[in-house]
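First the structure, in the form of structure tokens, and then the observations on it.
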Amino acid sequence: TECEKEPGSLLWIFVMVGNIVRGMGETPIMPLGISYLEDFAKAENSPFYLACLHTATVIGPFLGLLLASFCAELFVDIGSVGADEITITATDARWVGAWWLGILICALLNLLVAIPFWFLPKSLVKEGETNGPEQTSEKSATPLQENDKNETKQTMTSISENFIPFLKALFHNPVYMLFICITVLQFSAFDGMISFMPKYLEQQFGKSASDAIFLIGVYNLPVLCVGYFSGGLFMKKFKINVYQAASIAFWVSLLEYLLYFAAYWTVCDTSPVAGLTVSYQ
């Protein structure tokens, strides 16, 4: 009898919608969090606070990779299939880890972490000022009410008319464009490493998927945390301005590129693959 191909499952739509909802919830944290820090922190302390914020954003993926390494060691049908019924190991190409378990754990943690955001005040006493919260709220009550009235007067037409000139001004800002270029290069290298390095470690060094994910998290992300934190301390100590920070970021990124370029001379022996590098016989 001929094998009949069954139609694929549409459950991936739930995963896609879940990631969309998660992105909608997580996206405001970074821009609004940075504005929150900038509004209520001293100018010389804000780089350090921003460094702490970015360090936390790196610690999260580090813990996520450790969780993914743990989940990858568990079979995908854990709970419904007994351990004695599994005849393959984690190093087998047919092995599928419990990828869904990490999503459920992270979803629960995101829900718990989001609760304290409801208790953050709308305004804080700016760092270095002696006014109490009540005096500050009384002084800012009238400007806030005026701002609310002005915001209600704005229409979508006025916002759209100002959007194009504002966007054009951003494109003509050299510091902003330099920051965008550096960010694109950094995320391109990081995404390439996350996408292809686990498979490279599996094929070249015979590591399992869980071991490869664990090694990437241990050897890369803690160093990024040190870099973010030390960079914030450096800017706070020497009072680096925006142009100096952009120049430092450019030259450090160039040095990073040269170090990565040296990896082209690091050649490993190709693993024998039947039908590709060696014959089947």
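So which of Asp84, Asp39, Asp77 ends up being charged (D, E, K, R) and touching a Lys or Arg at 6+ places or on another chain (Cβ under 8 Å)?
Values: Asp84 fails: touching a Lys or Arg at 6+ places or on another chain (Cβ under 8 Å); Asp77 fails: touching a Lys or Arg at 6+ places or on another chain (Cβ under 8 Å).
Selected residue: Asp39, the only one of Asp84, Asp39, Asp77 that is charged (D, E, K, R) and touching a Lys or Arg at 6+ places or on another chain (Cβ under 8 Å).
Across segment 64-111, what is the total count of residues that are open to solvent by 50 Å² or more (accessible area, probe 1.4 Å) and small (Gly, Ala, Ser)?
So the count comes out to 5.
Which of the following residues is closer than 30 Å to Ser46 by Cβ and in a helix (DSSP H, G or I): Leu201, Leu224?
Leu224
Looking at Ile182, Ile194 in this structure, which one is hydrophobic (A, V, I, L, M, F, W, C), closer than 18 Å to Val58 by Cβ, over 15 Å from the mean Cα position of the chain (by Cα) and surrounded by 13 or more Cβ atoms within 10 Å (Cβ to Cβ)? If you could, list the steps in order and put the result at the bottom.
On the way: Ile194 fails: over 15 Å from the mean Cα position of the chain (by Cα).
It is Ile182.
Pairs under 6 Å by beta carbon, first residue more than 15 Å from Val175 (Cβ to Cβ) in segment 247-260, partner open to solvent by 90 Å² or more (accessible area, probe 1.4 Å), six or more apart or different chains?
Going by the 6 Å Cβ cut-off, there are no qualifying pairs.
Hey, can you tell me all the residues within segment 7-29 that are among the small types (Gly, Ala, Ser) and either in contact (Cβ under 8 Å) with a residue 12 or more places away in the chain or in contact with a strand residue (DSSP E or B) (Cβ under 6 Å, 6 or more places away or on another chain) (or both)?
Step one: of segment 7-29, the residues among the small types (Gly, Ala, Ser) are 8-9, 18, 23, 25.
Listed by number, the residues that qualify are Gly18, Gly25.
Out of (1) open to solvent by 90 Å² or more (accessible area, probe 1.4 Å); (2) of a type outside the set (A, V, I, L, M); (3) without any contact (Cβ under 8 Å) to a residue 40 or more places away in the chain, the odd one out for Gln244 is which?
Result: Gln244 fails condition (1) only.
Checking Asn173 against (1) at pLDDT 80 or above; (2) open to solvent by less than 50 Å² (accessible area, probe 1.4 Å); (3) polar (S, T, N, Q): exactly one of these is not met. Which one?
It fails just one condition, (2).
Tell me, which helices (runs of 4 or more DSSP H) lie completely within segment 1-83 with 2 or more residues that are aliphatic (A, V, I, L, M) and within 26 Å of Leu101 (Cβ to Cβ)?
Working: elements: 12-26, 29-40, 46-72.
In segment 1-83, 12-26, 46-72 are the helices (runs of 4 or more DSSP H) which contain 2 or more residues that are aliphatic (A, V, I, L, M) and within 26 Å of Leu101 (Cβ to Cβ).
Return the total of residues in segment 208-220 being touching a residue at least 24 places away in the same chain (Cβ under 8 Å) and open to solvent by 60 Å² or more (accessible area, probe 1.4 Å).
2
How many residues are free of Cβ contacts under 8 Å to residues at least 12 places away in the same chain and open to solvent by 80 Å² or more (accessible area, probe 1.4 Å) when one looks only at segment 30-43?
3
The values are calculated or read from the model by the stated rules, or taken from the named source; none is laboratory data. A quick note: this is a predicted structure, and the numbers were derived from the prediction, not measured. Positions of Cβ are generated from backbone atoms using ideal geometry, with glycine treated the same way; all protein chains shown enter the neighbour counts. Note: accessible area is taken over every heavy atom of the protein model, side chains too, but ligands, DNA and RNA are not part of it. Shrake-Rupley method; radii C 1.70, N 1.55, O 1.52, S 1.80 Å.
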